[in-house]
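To start, the structure itself, in structure tokens.
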Amino acid sequence: MTQMDYKYSLLGSAADDYRKRPLLLQVDDTPMNLFAVLEVKRELPRRWSTLGCFRKIRLYSFLFGLAVMFLIMASYILTGDKKGLLLTPSPYHFSSLVSPGPFAFNLSSVKDYAHIKLVVKSITSKVEFRSSRQIPELKALVNSEPHMFSVIPRKFLPSVKNPCWYEEYTGNITSDPYRTNLYARYSKRFRTVFQHLRNTFREHLFHHDGKLYRMRCLPYFYIIGQPKCGTTDLYDRLRLHPDVKFTTFKEPHWWTRKRFGIIRLSEGFHDRYPVEDYLDLFDQAAYQIQGNLTANASGSPSQPNIIIGEASASTMWDNNAWVYFYDNTTEGEPPFLIQDFVHALQPDARFIVMLRDPVERLYSDYLYFGIANKSAEDFHEKVSESLQLFEGCLTEYTMRSCVYNTTVNNAMPVRLQVGLYIVYLMDWLTVFSREQILVLRLEDHASNRKYTMHKVFDFLNLGPLTKEIESDITRSPASNTRRPADKNLGPMLPITKEILRDFYTPFNEKLAKVLRNDSFLWENNSKL
């Protein structure tokens, strides 16, 4: 190949699927393992009247090619990046991109089935589950998030089932208490909710010893995951229970994203949402709890057992922001996880996890978040590319560090890691007891909603319901089902399903063992 034959192009489609991500730079058919966000192509020289001009253009083109390569190498050296480099600013800072591993192949269609099987075999041979992780000390957590710990007390009101407390209000009583709330800034729908809260704020202030107090609450329980596993349907049914209240909208994503300033994954970082903005989302429910306390004190009937829920499906798994805010002192693994902070503030919190066959979850995730050119063949190619990236990471790092590797997670065109349920669950079990986490299967919920909802009611210690209310909760149509256009695309290719089944099997086996329930092997499930 001569210098004139060099041609740079981007691996990956021009239309991103559901978030911007770095793309691989390729020279001819050889991956260079470099980050890139532009395409460089050399135009062929036009026909000139003289041979001298033609030779001059050839020379200039050659020099231009050398200049481009020089800039690439200069960027590589200046960034000190061992595996990849940034050519233009990105919404995120990527420390490195793992090599594609020893099984590099063309990711088109099903031609490289044998190679993909080798990649999966290589991955499964490296799967290991450590019994525990090093839990950070409380002092380290407080030093990391001092403001959060200064706002939320260590003890809550003893007369209320939900974790609540009275916070002294020192602001101007005539000013807008929600004027700086970032949740209200980015959504018209949320601004409408805050307008209602704003109008009733002063009447809910509590006077005591010449001071003003407002009631603050955290959730009694969290629906923490996983995406495309039925959390919306569970949320919609629980909202019908008279003793259950939720945030002003389903998924605040505060623990995983908003407190770090992530609004949309494609936009990089904005201002970090303070914990007060998050607590504002529970004000509607807090007012009701406060009203019940007041009624109870006066001898009138009350409902002291009202509880608040929060349903961000990212809470269980999404720790992608850690690399930008915490020191990498743990060999590529996060020093702090979301659950460490939740446990430090709410050691008695309860959590509900809804899971489904990870193979079907991934395809549903792809159909839901994909933008254009969706097809079973395109899904297959994206799965193949993601498997190669994950396998490449495992050649240098531990399995757990690859699951939490922000660079790999952002580079994979489909979210393979979300279906590695056992990795996340084991980490949650390092700080919370098994009794505090209810794990359900979407397949069971879809076939017998009454059974799963009763398990949820028992888990949350909710009282009995009338037959009419229970019927409304259990018989209403399923929420957030697959769109008709996506149904028309049909199922994934059998070859893709087989590859994914092999990939997820060792993780499912460990999950079934930890939960002591073989149904989590998903061996005989029909497609939902």
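The values are calculated or read from the model by the stated rules, or taken from the named source; none is laboratory data. The shown structure was predicted, so the numbers you read here are calculated from the model rather than taken from an experiment. With ideal geometry, Cβ positions are generated from the backbone for all residues, glycine too; neighbour counts draw on all protein chains shown. The accessibility values were calculated without ligands, DNA or RNA, using every heavy atom of the protein model including side chains. Shrake-Rupley method; radii C 1.70, N 1.55, O 1.52, S 1.80 Å.
Taking region 326-385 as the search range and keeping residues that are hydroxyl-bearing (S, T, Y) and part of a helix (DSSP H, G or I), which one is farthest from L420 (Cα to Cα)? Once the filter is applied, the top-ranked residue is Y368.
When region 459-479 is examined, which residues are found to be open to solvent by 50 Å² or more (accessible area, probe 1.4 Å) and among the aliphatic types (A, V, I, L, M)? Listed by number, the list holds a single entry, I469. Do you know which residues across region 128-153 are open to solvent by 70 Å² or more (accessible area, probe 1.4 Å), more than 25 Å from M426 (Cβ to Cβ) and touching a residue at least 40 places away in the same chain (Cβ under 8 Å)? H147 - this is the single residue of region 128-153 that is open to solvent by 70 Å² or more (accessible area, probe 1.4 Å), more than 25 Å from M426 (Cβ to Cβ) and touching a residue at least 40 places away in the same chain (Cβ under 8 Å). Can L425 be described as crowded, with 17+ Cβ neighbours inside 10 Å, of a type in the set (A, V, I, L, M, F, W, C), within 16 Å of K228 (Cβ to Cβ) and under 23 Å from the mean Cα position of the chain (by Cα)? No; evaluated as a whole, the condition is false for this residue.
The residues on offer are S109, S150, S132, and the sole one that is modelled with pLDDT under 95, of a type outside the set (V, I, T) and either more than 24 Å from the chain's Cα centre (by Cα) or closer than 26 Å to E381 by Cα (or both) is S109. When region 235-270 is limited to residues that are under 17 Å from S187 (Cβ atoms) and open to solvent by 50 Å² or more (accessible area, probe 1.4 Å), the one that is farthest from the chain's Cα centre (by Cα) turns out to be H270.
Could you tell me whether region 301-322 includes any residue that is at pLDDT 95 or above, open to solvent by less than 30 Å² (accessible area, probe 1.4 Å), aromatic (F, W, Y) and assigned to a helix (DSSP H, G or I)? No, region 301-322 has no match at all.
Return the residue satisfying two criteria in turn: it lies in region 176-233 and is basic (K, R) and within 30 Å of L337 (Cβ to Cβ), and of such residues it is least open to solvent (accessible area, probe 1.4 Å). Steps first, please.
Here is the first cut: in region 176-233, the residues basic (K, R) are 179, 185, 188-189, 191, 198, 202, 211, 214, 216, 228.
So of that shortlist, the ones also within 30 Å of L337 (Cβ to Cβ) come out as 185, 216, 228.
Values: R185: 127, R216: 5, K228: 36 Å².
Per the stated criteria, the residue is R216.
Cβ separations smaller than 8 Å between residues 6+ apart or across chains give the following pairs from region 349-376 residues that are farther than 18 Å from K497 by Cβ and open to solvent by 10 Å² or more (accessible area, probe 1.4 Å) to residues that are at pLDDT below 95 and of a type in the set (G, A, S): I371/A15; A372/A15; N373/S13; N373/A15. Of all residues in region 430-447, those being free of Cβ contacts under 8 Å to residues at least 60 places away in the same chain and either among the aliphatic types (A, V, I, L, M) or closer than 20 Å to R516 by Cβ (or both) number 3. Where helices (runs of 4 or more DSSP H) fall wholly inside region 440-525, the ranges with 2 or more residues that are of a type in the set (K, R) and under 27 Å from D348 (Cα atoms) are 449-459, 494-515. Mind checking which residues of region 410-422 are open to solvent by less than 10 Å² (accessible area, probe 1.4 Å) and either of a type in the set (A, V, I, L, M, F, W, C) or in a helix (DSSP H, G or I) (or both)? A411, M412, V414, L416, Q417, V418, G419, L420, Y421, I422, listed by residue number.
Are any of the residues in region 189-205 in contact with a Ser or Thr (Cβ under 6 Å, 6 or more places away or on another chain) and at pLDDT below 95? Give the derivation first.
Our first condition is that a residue be in contact with a Ser or Thr (Cβ under 6 Å, 6 or more places away or on another chain); within region 189-205, this holds for 193.
Adding the requirement that they be at pLDDT below 95 leaves 193.
Yes, that holds for at least one residue.
If I ask for residues that are more than 12 Å from V383 (Cβ to Cβ) and of a type in the set (K, R), which ones from region 485-516 would you list? It would help to see each step written out before you state the result.
So the first thing to find is which residues in region 485-516 are more than 12 Å from V383 (Cβ to Cβ), and the list is 485-491, 494, 505-516.
Residues satisfying the conditions are K487, K510, K513, R516.
Checked against the criterion of being at pLDDT 90 or above, assigned to a helix (DSSP H, G or I) and of a type outside the set (D, E, K, R), the candidates Y166, Y183, Y178 yield just one match: Y183.
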